[in-house]
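Novice: Take a look at the following structure, please.
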Amino acid sequence: MSLESAGGPSSGLVLAESGVESVTQSNPPAPAPAIAVATADLKRPPGRGKAFWRSLEEWADTPEFREYVAKTAPEAAEQLVRSEAAGVDRRRFLQLMAASLSLAGLAGCRRPSIKILPYAKKPETVTPGMPTFYATSMPLKGSAIGLLAESHDGRPTKIEGNPEDPFNKGKADLYAQASVLSLYDPDRSRYPVRRAEGRLSQTTATWAQFDEFAAKVAERARSKGGQGLAILSGTVNSPVFDLIRDHLSQTLPKAVWYRHEPIDNANIVAGWSKALAAPALPRFHYDRAKVVVALDCDFLGVEAEGPRDLNAFAQARRGVSLGGTMNRLYVVENHFTLTGGMADHRLRLPASQVPDYLAVLARRLLERLSDGEADAGVRAFLANFTPTPEFDADWAEKVADDLLDEAHKGRSIVVAGRRQPAAVHALVALLNAKLGNLAPETGPVSVVAPPMDAPDLTDLVAAIDRNEIETLVILDSNPVYSAPADLEFAKKIGQIATVIHIGEELDETGKKALWHLPMAHYLESWGVSRTPEGVLLPIQPLIEPLFNARVGTELVAKLVGLESSHAHELARAGFAKALGLSVDSKEFESAWREFLHLGVKTGIAPPKPAPAATVDPSNVADALKGWSRGPELSRLNLELAFQRDASMDDGRWANNGWLQEVSDPVTKVCWDNCAYVSPATARELGIRTPTSTRQEAELVTLSVGGRSLTVPMIAVPGHADGSITLTLGYGRTEVGRVGQDTGFNAFLLRTTEALDIIAGGVRVERLGRSYPLALTQDHHPIEDPGIAQRIGTLVQIEDYRTAQAKEKAHHDTAHGQEDGHDQIKGGHGADQATSGDHGHGQAGIGTLNFDAGLPFRYGNSPEHPKFFDDIQTQNPDLWSGEQQWGMAIDLNSCVGCNACVVACQAENNIPIVGKDEVIRGREMHWIRNDRYFTGTDADDPGMVFQPLPCQHCENAPCEAVCPVNATVHSDEGLNLQAYNRCIGTRYCANNCPYKVRRFNWFNYNERQLGYTNLRWPKPYGPLTPRAMEETLKMQKNPDVTVRIRGVMEKCSFCIQRIERAKIGVRGAAGQTPGADLRVPDGGIVTACQQTCPTEAIVFGDIKDPNSKVSKLKSLSRDYLLVGDINTRPRVSYQAKLTNPNPNWSNAGRPGGSSPSRSGEGGPVDAAPAGSVTGLESGATVRTADAAEVIQR
C-alpha cells in the first residue's frame, strides 16, 4: 500500500468524508458536515493562498474556508437598507421583525427583578463606589510577583501589578489575573475531611478534631526527635518558612523536608552549579543584551518568571521607536513558542537534537575564545563531536560572528531551556563567561543561590520503600497526579501510616490522605514572600477565609510544634528575622508598616550569598562526559517532548474557567491539550487536520516504554519534523466542576529517566476515531481586502532607519524646520494624510508610502478623492468632547502572552461559556489575540500576534444598523453599548468588519446550581433552574453591568475607569475657577494596558499632541486595521520590525524565520518509490513500514 493510497493524492489539498467514530466526553453539539482536511500531501494551490494566515486551511485557501468566511459577512444590514429603500420606516420594521426575534432563542426576554438592600450602617473605611487597593504578592515557584489587589466593599475583585516591584514594574501575568477567580471558586475545599480507620471513603471533620490529632502528631515527633516525620512541599522561598525549617532542624533534627515541583529548574541548577562549583541559579537580564540566543527556551512564554523577563526583553526591543537600538534574537526550538514568534532567526529542531547544535556553535566560539590549557578538555570533546543533523553553515558561523562582534562584547545572552540536560547548561555557563556576559552587577547574566535546597520526590519514595516515613505532611502539592509514572506514588502513599494533605482543593492527593485540610488562598493569608535576589514582598489578606480554611504556614507550624503558629505573628517574625530586628522594637514596627504600605522591601541580603561568578572549564569538561549525540528520528522512531501548558501550568489551575477558556497563544486550542506535530510529520502519519467547519481532531495512541496514552493529534506550522510536543496539566480526575473531563493526563508517560524529553522510541497508532476540539484559530475571520492591511508589513530594522532618514530629509527640504508637519488630524495622528500634508502618504489604498516597504499610512485615494475627508468637518459632534480617547498597540512589543485577555475578563465581568459554546464560536472575550503565521512555507513560517479589541470607529458600521439605537457614539470618540436598549438583533455584529462584538446566546453568568461541568444543556438550558453561585457574585466588578441573555456586548475602553478618573479630577479641582478638568496623560489606564508585561498597549487622549498615544500614532510605522473601508478606528497599530543579521544571505524572510536547512522547504513532494521524505534527520524509511502504521 503506497502513501498516496493511504493519505490521498500526491498533490493538492485533500478533502474527504471523515467516516470516523466521534469520541466525546459528554453531550456534544450537533456535528457539522463530515469534512476533514487530510494533512497528507498538503500543498499550496498555484497562484492562490496568503502571506498571512491563521490555519493550514486558510493557508491552502480552500473553497470550504472561503465559504466559512463568507458566512460571517455583514448580510443582515442589507435587510435594513432594503427595507428603508422600500419605504419601510423604523417602527414598521420593528413590527415586522417581532416574530422572528421571539423565535431567536428567547434572547430578548425581560430581565428578572432583583431586590437589593442598603447598608444599615456604613463602615467608616468604605466610600461607596470607590475601590481600595492593598499591596500583596502571589508566590511563584521559588519567587513571587508584587501585586496590588483592588477591593470593593471588602471583597477583592481585580489584581494589578505593584509599580514598586523592582522586577515586574507594575505588571502582572495571566495567572495573577486569574487568581482572583480561584479565590471565589465554589469548588474549593470547605472543611477538613478524614478517613476513618478501615474505611476507604472520607468523612467531614472539625478543626477541633484536627487540632487534637495534630497535638498528638507533634508530641510523637518530638519524642523521636522528628524521626519518621517528613514534609513535602513545592519550592518555597520565604523568611516565614525559614523560621519553620530552622525550628524543625533544631527541635526535630531527624525530620526531613522534601521538595516536589512537577516542572522545575533542576537541570538548570545542576548544570550551572557544576560549572561554578557551587550551588547556582542564573538570572538573565534581557534588557541589557543586544544579542540573545535561546536554545529550547521559551523565556517569553511558559519559562518566564512572571512578567519580568517579558518586560526586560521588550525594553531592548522597542528602543528603536525612540531612536535607540534593537536587540537581535536567535531561537532554536522544536515547536513554535512565544519566544520563537519574536525571533529574527528561528531554527526548528527536535528538542533532543538541540544539544547537537549547541556543540557546533560552542566549537566555533571556543576556537576564537580559547585561553589555552584551561578549556582544552572542552575543546577536545567538541572537536570530536559529530552532530546528528546537518545544519546550515550560517547557523554556526553567522551566529558565532554576531556573538563575537566587538559591539556585542559583554552584551549577549546564551540561554538554554529547563528541558535540556544539565550538561547543556554547564556548557551554556561556560560560553556566557567566555563572552563576558557573566557580570553580577552590570552584565546581562548574574547568578544567585538556589532558593531551596532539599531532597526531591525520588528521595522520598526511596525513604518510603525503606519504611522510614511514619507521618507525611504534604503542603500545597499534588504528587499523586504529577509524580513521574514509574514512581507509582499513588501506591507508595498507601504505605504511610499518617498522611496529612493541605491544599485549596480536595485533589488526587487529598483523596488518598488520612486527613485533608483546606488551605487559605493567598488573598486570605498573612505571609512574606521573597525573590531569589532577596527582595521581600508581603502577603496580606483582603478578606476573611471564605471556606473555613487556614493559612498553610499555620498548619505546618502547628504540626512541627512551633510555639507561635498564628499566620500574622509568623509573618511579622519572619520579616523581623530577615531584617535582623526584634519584633518588639519601634524600628521594626515602622519598617513593618512601610512594608505593608509599599508592598516591597529591597536591600535585604538573601539568606545564602551568591556564588562567585567564575566558571571552571574542567568541571564543564567533566559534565560533557555523559553527552551523546541526538537520536536519528523517523516516523517510526519519534521524539516526545513534554511542555508546561500556557494556561494550566502543571495542572494547578485546572478548575479556573478563565484559564481553561483562553486559547493557547500558538495552537489556539482551549479546554484541552493535544499532541502537536509538524505538517510534514502529520502527512507521513496520515493525520487529518481540524477545519473551520468541523473542529475535530484524530485520536491516536502514543506508546513508549510499555506505557501508552490516547490523545488527539493536530499539525502545527513551525513544528520540528520527527518530534511530538505534549502539554502537561490536563486530565485531572479529582477536580472541581470546571476542570472535569478536560484534556488528557500526559504525566502518565513521564518517568524519572525522561522527565522532559523522550529521545526516540515513541510510536503513534491511529485509532480511526475523532475528538471534538475547541480550536479558535479560524473564529471571527476578517474578510479579505488584503491581509497585509490587518497586520501591516514586517519591516527590517535597517530599512526602517533608512526610511526615517529619507522622510526627515524630504521634510527638511520641502518645509524647512517648521513644526506641526505631523499634526494630529482626525484622531489618527500621522496615519492619515490631510490636505496640508504636501504629498505625504498620497499613495493609493493598500500601497506603501516608502520604497523601503514600510506599513502604509492612509492618504487620499485617487479613486475616491473625498474618501478621507476630516471627520471633524463631517460630523463635529463626534469631536465635541474636551478629550478624545484612542489606543496604540505596538506589534513589535506584543509577544501574545494573553495577559490582556484575562485582565479584561476580570475587569469587565466577562462570562465563561464552556467548550461546546466555544466550538460554536461563541466565546465572549472582549479582546482577542489573533495569531498569524507569515510566509509561504507552511512547515517553517514566521509568526505575528495582533491583539484586537473593539476599534471604536469614528465611522462605525455597527451604529448605522442598530434599529433601537443601542449602539451609540460618545462625544469623546467612544463606541458604546446601551444594554437596556439592546433587543438582540445582532445586526451590529454582522456589520462589524473586525468581528469584535459578542452576543449572550444564553445567560452565561447564571448556570444551573449543582451543575456537573460546563456542558450543554445543564448550564444554559432556558428552561432549567439557574442562578449564580454566591461566591462568584463576590468577584464581579460593581462598576460594570453584568449582562444577561439576548444582549450584545463589546470592549468599552474601560469606560468605568475613564469616568472614575474624570470624577477624581473634578473633585480635586473643586470650585477653583478656570481649573483644567482634563485627565492628565497616564491618568487613565485600561485593564489590558495596565497588565501588559511588555507595555505594548498605550491609551490616552489623541487630542493632546504631547500625549504618549499621540506620539506613537505619529510614528511612520503606525497603521490602521483594514483602514481602506473608511471606518476610521481609534485603535491603530505599530507594525512589527525584525532585526535580521545583515550578513546572513537569507535575512529578509518574513517574520524573521530561520533560513531553510538542506532538505527543508515547503510541503513534501511525491517521494521516490520505496521511501518517504520530509523528516529533518533519519528521514528515509521503507514505504511498507509507513503503510503498515497508517493501516493500524
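Novice: Got a sec? Charge dipole of segment 281-448, +1 on Cβ for Lys and Arg, -1 for Asp and Glu; which of GLN353, CYS297, GLY372 is way out at the positive end?
Specialist: Result: CYS297, furthest along the dipole toward the positive end.
Novice: Okay, moving on. Of all the Cα-Cα pairs you can form in segment 287-362, what percent are over 17 Å apart?
Specialist: 45
Novice: What are the extents of the Cα atoms of segment 281-448 along their three principal axes, listed from largest to smallest and rounded to whole Å?
Specialist: Extents along the principal axes: 46, 32, 30 Å.
Novice: To continue, here is another question. What does the charge dipole of segment 281-448 about its Cα centre add up to, to the nearest 20 debye, if the Cβ of each Lys and Arg holds +1 and the Cβ of each Asp and Glu holds -1? Mind dumping the intermediate values first?
Specialist: On the way: 19 positive and 22 negative charges, 77 e Å.
I would put it at about 360 debye.
Novice: OK, next. Report, in whole Å, the centroid distance computed from the Cα atoms of segment 328-398 and segment 497-543.
Specialist: For segment 328-398 versus segment 497-543, the Cα centre distance is 42 Å.
Novice: I've got another one for you. With N set to the number of residues, divide the alpha-carbon radius of gyration of segment 593-665 by 2.2 N^0.38 Å and report two decimals. Before the final figure, lay out the partial values.
Specialist: Values: Rg = 22.6 Å, N = 73, 2.2 N^0.38 = 11.2 Å.
Normalised by 2.2 N^0.38 Å, the Cα Rg of segment 593-665 equals 2.01.
Novice: Report the one residue of LEU523, GLY443, LEU472 whose Cα lies farthest in the direction of the positive end of the charge dipole of segment 400-534 (charges on C-beta: Lys and Arg +1, Asp and Glu -1; origin at the Cα centre).
Specialist: Projecting each Cα onto the dipole axis, the largest value belongs to GLY443.
Novice: Restrict the search to segment 1052-1154; then list the trypsin sites (Lys or Arg not before Pro) that DSSP places in a loop and that have at most 14 other Cβ atoms within 10 Å of their Cβ. Please report the intermediate quantities before stating the final value.
Specialist: Numbers: sites: ARG1057, ARG1060, LYS1062, ARG1066, ARG1078, LYS1103, LYS1108, LYS1111, LYS1113, ARG1117, ARG1130, LYS1136; in loops: ARG1078, LYS1103, ARG1117, ARG1130, LYS1136.
Here the sparse-neighbourhood loop sites are ARG1078.
Novice: Name the residues whose placed amide hydrogens come within less than 5 Å of the amide hydrogen of VAL447, ignoring near sequence neighbours (fewer than 5 apart) on the same chain.
Specialist: Sorted by chain and number, the residues that satisfy this are ARG283.
Novice: On to the next question. I'd like the distance between the alpha-carbon centres of segment 948-1005 and segment 588-626, rounded to an integer number of Å.
Specialist: Distance between centres, Cα-based: 52 Å.
Novice: Please compare each pair in LYS915/LYS1050; LYS1050/LYS1113; LYS512/LYS625; LYS158/LYS668; LYS290/LYS577; LYS398/LYS625 to a cut-off of 31 Å on the Cα-Cα distance and tell me which ones are over it. Can you show the working numbers first?
Specialist: On the way: LYS915/LYS1050 21 Å; LYS1050/LYS1113 24 Å; LYS512/LYS625 42 Å; LYS158/LYS668 25 Å; LYS290/LYS577 40 Å; LYS398/LYS625 28 Å.
Among LYS915/LYS1050; LYS1050/LYS1113; LYS512/LYS625; LYS158/LYS668; LYS290/LYS577; LYS398/LYS625, the Cα-Cα distance tops 31 Å for LYS512/LYS625; LYS290/LYS577.
Novice: Find the percent of Cα-Cα distances in segment 133-183 that exceed 16 Å, and round it to a whole number. Mind dumping the intermediate values first?
Specialist: Values: 420 of 1275 pairs.
Above the 16 Å cut-off, segment 133-183 has 33 percent of its Cα pairs.
Bear in mind that the values in this text are calculations on the coordinates, not laboratory data. What you are looking at is a predicted structure, and each value in this text was computed from that prediction instead of being measured. Cβ atoms come from the backbone with ideal geometry, glycine included; neighbour counts cover every protein chain shown.
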